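Below you'll find the structure, written out as structure tokens, and then a few comments.
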Protein chains: 6
Amino acid sequence: MTTIAPIEYGDASPQVRAVYDDIKKTRNVPDVNNFWKYLARDPVTLQRTWQSVKEVMTPGALDALTKELIYVAVSVTNGCAYCIATHTAAARKAGMTEAMFGELMAVVGMANETNRLANGYRVPIDDNLK
Amino acid sequence: MTTIAPIEYGDASPQVRAVYDDIKKTRNVPDVNNFWKYLARDPVTLQRTWQSVKEVMTPGALDALTKELIYVAVSVTNGCAYCIATHTAAARKAGMTEAMFGELMAVVGMANETNRLANGYRVPIDDNLK
Amino acid sequence: MTTIAPIEYGDASPQVRAVYDDIKKTRNVPDVNNFWKYLARDPVTLQRTWQSVKEVMTPGALDALTKELIYVAVSVTNGCAYCIATHTAAARKAGMTEAMFGELMAVVGMANETNRLANGYRVPIDDNLK
Amino acid sequence: MTTIAPIEYGDASPQVRAVYDDIKKTRNVPDVNNFWKYLARDPVTLQRTWQSVKEVMTPGALDALTKELIYVAVSVTNGCAYCIATHTAAARKAGMTEAMFGELMAVVGMANETNRLANGYRVPIDDNLK
Amino acid sequence: MTTIAPIEYGDASPQVRAVYDDIKKTRNVPDVNNFWKYLARDPVTLQRTWQSVKEVMTPGALDALTKELIYVAVSVTNGCAYCIATHTAAARKAGMTEAMFGELMAVVGMANETNRLANGYRVPIDDNLK
Amino acid sequence: MTTIAPIEYGDASPQVRAVYDDIKKTRNVPDVNNFWKYLARDPVTLQRTWQSVKEVMTPGALDALTKELIYVAVSVTNGCAYCIATHTAAARKAGMTEAMFGELMAVVGMANETNRLANGYRVPIDDNLK
């Protein structure tokens, strides 16, 4: 079994369909992304991951756009091409403008740079921040 | 020269002092963080890094708080203890509440998890996102 | 010399052929993977890397399957697409079932999440674990 | 609020106590680790993370020891000192011997090395593994 | 605006063209790489990044080749396919031979391995290096 | 066996002592670093790692200093505090001046930044570099 195939709605078990239905309803989309179709190979992980993502991404103290910007920042730092593509699209849908995207990238780039400068210079944590 | 010492204001060259002064004025703080005192060993890098950070972190399309949340997200993902300490403090100063911190951590954690699920399941980018 | 070409068996030097032969015999495969064909550009690194991999991956206190699961866990965490492809295949060959793959991904995802929660909450090591 | 304090059992809300109680019962330990005491600042994340970890780490197609070895492999790759300490201890409790630890480290080290060799040599995925 | 397009010289604003012109003159190349054409969507980031890269990569205490080798080492460690491609080419242009490339990869691989062994064995910093 | 102890020369087996002796002779140092004393818990890994490091770090097409600079670049990128400490010291011993250190850090920082900009802007590899 070397070939891994995504599970489309028509081929899905009732358990998987229930998750797909909730994703489509929650996000108001006609179909779910490949991510969910591949994860569906393991219905337990599919279910848990969706429930967690749904809970975590619901607007609360942080709004939907801010949460998507954070998601993109992590994905770009980790170099996950799939996650960069989907969450950049999600951020745009949530209101991210071109100017916001530019500033997001600038902050992510700078943070990755100064993280390493702090490592390399072996900077100890300031007493008032311990 | 195995010992690396931070450069305090009183021992700094005029070039380094000018950077310290601008940091203190821009951020309205009585002293600069250890990061800058260690970076001061290389005045050219100190100057460039500060100018870049200053430009990048100035509120624009994204406000100061959002930028600090992104900075924390990157630093947590990279595991930079120094940067986590300083930018969590900066985010608080910019208005991050405990509830916001909790949601920030939740999104960062979830993004790091799903980044790896996307890698491991070898999920191809959806056609409409290419 | 911008084009990097893999070295096929027929074009290989005796030193490189000897490594290819040992890989094919040890793994009982008709040909070596691209990894070795590219590494063959530097016969010293090819030789050392194969000897190390061979020694490390030989079943000992941990069996072959467990070692491949660990290899996949690292490769997924690092986002190395090539290594994910080859070591997932190797794990399957060593007996990894679909259910095992699902649980492997679930653990890798969760570990990457909690690693960042531990970073972000700045959790100190418990006294009894120091 | 610059100081982040762990929440001990005696100071915890009923919701947090219920999670602590379940952790202690599930793992048969007298007290929960610092990780949970810090996470308790955000009871929603505490609850979700524990439920997820509990589900993921329950022996299934992979046994408890194998899951802990994978957890250590990820934590070592990410350089999360806290997670290395706790999950190495958990792996030992689940039966990891010194010989197993040595082989685990050897595989993790080798995987991190060959991941980069594959990156640097720009090795394309073998046709039969696409 | 889901499609991100690179900005070619003929379509660029005077501000962007000035950066392109300086890149072409500094590096003595007929056209700029895709990196700059994509970054041009945010002229402020384009300008700052180019100024920084130009300043940092100018030969000084370290020569141009050594700087490119370091750039490749970081890019390989991070798994940035784009950066590996461009900076490996730049290193070759600066004089990197095949033998140098082989040794660079060997050091990068070994460093990534021993970084994890140090993490996993929880090795404390030697007293004379603190 | 929760406590991991380094193995000092006087307590080492003949196999471990032979490695220590070779390290001391090769590097002309009175004692080996903690790294080797902790790795000695697994004599097979100690032996293989030392042989590999010795082979890789021997001056060849790249000199000793350049190799140490690359080692530091990787360690800083990965945030391995132990490796940063030891290899920065080794680089100094091999001739790294303060000016070189400053430029090394500047390049490492910039590479980590532009790696993420390339990721985030989803820059495709230039046709002539494929």
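Below 8 Å between Cα atoms, with a sequence gap of 6+, how large is the relative contact order for chain E in percent?
This gives 17 percent for chain E.
Take peptide F:29-37, look around each residue's Cβ out to 10 angstrom, count Cβ atoms belonging to other protein chains, and average those counts.
What the average comes to for F:29-37 is 3.
Please quote Rg/Rh for the protein assembly as shown to two decimal places, taking the Kirkwood radius as Rh and restricting both calculations to Cα atoms.
0.94
Treating the beta-carbon of each Lys and Arg as +1 and of each Asp and Glu as -1, no other charges, what is the dipole magnitude of chain C about its Cα centre, to the nearest 20 debye?
Here chain C has a charge dipole of around 200 debye.
Going by the rotation axis that takes chain D to chain A, pick out the residue of D with the closest C-beta and quote the gap in whole Å.
D:Ser52, 3
Kindly point out which whole DSSP H helices in chain D project their C-alpha atoms 27 angstrom or further along the helix axis while averaging a Kyte-Doolittle hydropathy of -0.5 or above. Walk me through the numbers before you get to the answer.
On the way: long enough: D:98-120 (33 Å, 0.19).
Both cut-offs are met by D:98-120.
Can you tell me which lysines have their Cα less than 23 Å from the Cα of B:Lys25? Leave out same-chain residues fewer than eight positions away.
Correct list for B:Lys25: B:Lys37, B:Lys54, B:Lys67, B:Lys93.
Just to be sure I understand: with springs between alpha-carbon atoms less than 10 Å apart, which residue in D:Val19, D:Val29, D:Val74 has the highest mean-square fluctuation in the Gaussian network model of chain D?
Highest fluctuation of the listed residues: D:Val29.
Running a GNM on chain F with Cα contacts under 10 Å, which residue among F:Met96, F:Met110, F:Met57 ends up with the highest mean-square fluctuation?
In this elastic network of chain F, the residue with the biggest mean-square fluctuation among F:Met96, F:Met110, F:Met57 is F:Met110.
I want to make sure I understand the PRE zone here: with the label point 7 angstrom from the Cα of F:Lys93 toward its beta carbon, which residues in the stretch E:101-130 have backbone N atoms less than 14 Å away?
From the stretch E:101-130, the list is E:126-130.
Keeping all protein chains in place, calculate the accessible area per residue for the stretch E:1-115 (probe 1.4 angstrom), answer in Å².
Each residue of the stretch E:1-115 exposes 37 Å² on average to a 1.4 Å probe.
Heavy atoms only, probe 1.4 Å: what % of the accessible area of the protein assembly as shown goes to carbon and sulfur, would you let me know?
The value for the protein assembly as shown is 54 percent carbon and sulfur by accessible area.
For q values of 0.14, 0.19, 0.23 Å⁻¹, compute log₁₀ I(q)/I(0) with the Debye formula on a Cα-only model of the stretch A:55-112, without solvent.
-0.34, -0.63, -0.91
Measuring label to label, 7 Å along Cα→Cβ, what does A:Asp31 give against each other copy in nm, shortest first?
Going from nearest to farthest copy, the values are 3.4, 3.4, 5.5, 6.1, 6.6 nm.
Need the C-alpha centroid separation for the stretch B:77-111 versus the stretch C:38-110, integer Å.
Result: 34 Å between the Cα centres.
State to the nearest 20 debye the size of the charge dipole of the stretch D:1-57 about its Cα centre, where the only charges are +1 on K and R beta carbons and -1 on D and E beta carbons.
120 debye
Take the stretch E:1-61, drop everything but the C-alpha atoms, weight them equally and run the Debye formula without solvent; then report log10 I(q)/I(0) at 0.12, 0.21, 0.24 Å⁻¹ to two decimals.
Computed log10 I(q)/I(0) values: -0.29, -0.80, -1.01.
Once you have a ≥ b ≥ c as the square roots of the Cα gyration tensor eigenvalues for the stretch E:25-86, tell me rounded if a/c is under 1.5, and otherwise prolate or oblate according to whether a/b is larger than b/c.
Values: a/c = 1.70, a/b = 1.21, b/c = 1.41.
Because a/c hits 1.5 or more and a/b fails to exceed b/c, the stretch E:25-86 counts as oblate.
Can you bin chain E into rounded, prolate or oblate? Criterion: square roots of the alpha carbon gyration tensor eigenvalues sorted a ≥ b ≥ c, rounded for a/c under 1.5, prolate for a/b above b/c, oblate for the rest. Walk me through the intermediate numbers first.
Working: a/c = 2.28, a/b = 1.92, b/c = 1.19.
Because a/c hits 1.5 or more and a/b exceeds b/c, chain E counts as prolate.
Would you mind working out the magnitude of the charge dipole of the protein assembly as shown relative to its Cα centre, with +1 at each Lys and Arg C-beta and -1 at each Asp and Glu C-beta, to the nearest 20 Debye?
0 debye
List the GluC sites (Glu not before Pro) within the stretch E:3-70 that DSSP assigns to loop and that have no more than 15 neighbouring Cβ atoms inside 10 Å.
E:Glu8
Give the nm distances, rounded to one decimal, from D:Pro59 to the matching residue in every other copy, measuring between label points 7 Å along Cα toward the beta carbon; shortest first.
Distances to the matching label points in the other copies: 2.0, 4.8, 5.7, 5.7, 6.5 nm.
Is it possible to state the helix-based mean residue ellipticity at 222 nm for chain F, with each DSSP H run of 4+ residues giving -39500 (n - 2.57), the sum divided by total residues, to the nearest 500 deg cm²/dmol? What is it?
Dividing the helical sum by the residues of chain F leaves -21500 deg cm²/dmol.
The values are calculated or read from the model by the stated rules, or taken from the named source; none is laboratory data. Values in this document were obtained by computation on a predicted structure and should not be read as measured data. Note that we place each Cβ from the backbone using ideal geometry, even for glycine, and neighbour counts take in every protein chain shown. All accessible areas refer to the heavy atoms of the entire protein, side chains included, with ligands and DNA or RNA removed. Shrake-Rupley method; radii C 1.70, N 1.55, O 1.52, S 1.80 Å.
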